[in-house]
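The values are calculated or read from the model by the stated rules, or taken from the named source; none is laboratory data. Only a predicted model underlies this, so the values are computations on that prediction, with no experimental measurement involved. Quick reminder, even Gly has a Cβ in these numbers, built from the backbone with ideal geometry, and neighbours come from all protein chains shown.
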Amino acid sequence: MATKKAGVSAKVVPIEQIAASIYVIRGQKVILDSGLATLYGVETRALVQAVKRNADRFPEDFLFQLTKEESESLRSQIVISSERRGGRRYDPYAFTEQGVAMLSSVLRSPRAVEVNIAIMRTFVKLRQILATNEELARMVAKHDRQITLLFEHVQKMLAPAPSKKSRIGFVAPETK
């Protein structure tokens, strides 16, 4: 049965769509309330209302509201409707991985459960990719100095040797 659900989750929301919804804010990987609402197929205000009704389940390390500066910065990077155009009247909420997991206890629809599973798998996959890249970077750094030394030695070998021979022959003195 778990295999069937795994297939269903992947079809409900493609991993690429979830990954595109993840941002790094305040040094944490988060998904904004509007992104989650889109993934769950609900209105942003309905999602936020459900979270506010269960505020005790969402401490600051699970959920935080962006500052005005963070919101403005995001507006210039991604499409967040501006208040002037009849859009959001408050700064977005950002859900950490733990906050997204907690949403599964608040939102109980079958789609919400499937989307949550897909989101959790995406976070795990991102962690695996980052760990692999960090390991590769460590390996390159370790060998980088050795490669540099090798190139220095090869360059010395290819450079012409300085001539220590004295010139043979007669050199006329310079006359004024």
Open item on the list: I'd like to know if the range 121-129 contains one or more residues that are among the aromatic types (Phe, Trp, Tyr), part of a helix (DSSP H, G or I) and either over 22 Å from the mean Cα position of the chain (by Cα) or exposed (fewer than 10 other Cβ atoms within 10 Å of the Cβ) (or both).
Closed with: no
Open item on the list: Here's a check for you: in the range 80-97, which residue that is at pLDDT 85 or above and among the charged types (D, E, K, R) is nearest to GLN65 (Cα to Cα)?
Closed with: ASP91
Open item on the list: If ALA141 satisfies all but one of (1) surrounded by 10 or more Cβ atoms within 10 Å (Cβ to Cβ); (2) modelled with pLDDT under 85; (3) part of a helix (DSSP H, G or I); (4) among the small types (Gly, Ala, Ser), what's the number of the condition it fails?
Closed with: (1)
Task: VAL100 within 22 Å of the chain's Cα centre (by Cα) and at pLDDT 75 or above - done: yes
- [ ] Look at the range 101-120 and say how many of its residues are within 16 Å of LEU63 (Cα to Cα) and touching a Ser or Thr at 6+ places or on another chain (Cβ under 7 Å).
- [x] 1
Open item on the list: Condition first: within 30 Å of ARG45 (Cα to Cα) and of a type in the set (Asp, Glu). Can you find one or more residues in the range 152-159 that meet it?
Closed with: no
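Is it the case that ALA37 is more than 17 Å from the chain's Cα centre (by Cα), of a type outside the set (Lys, Arg) and in a helix (DSSP H, G or I)?
yes
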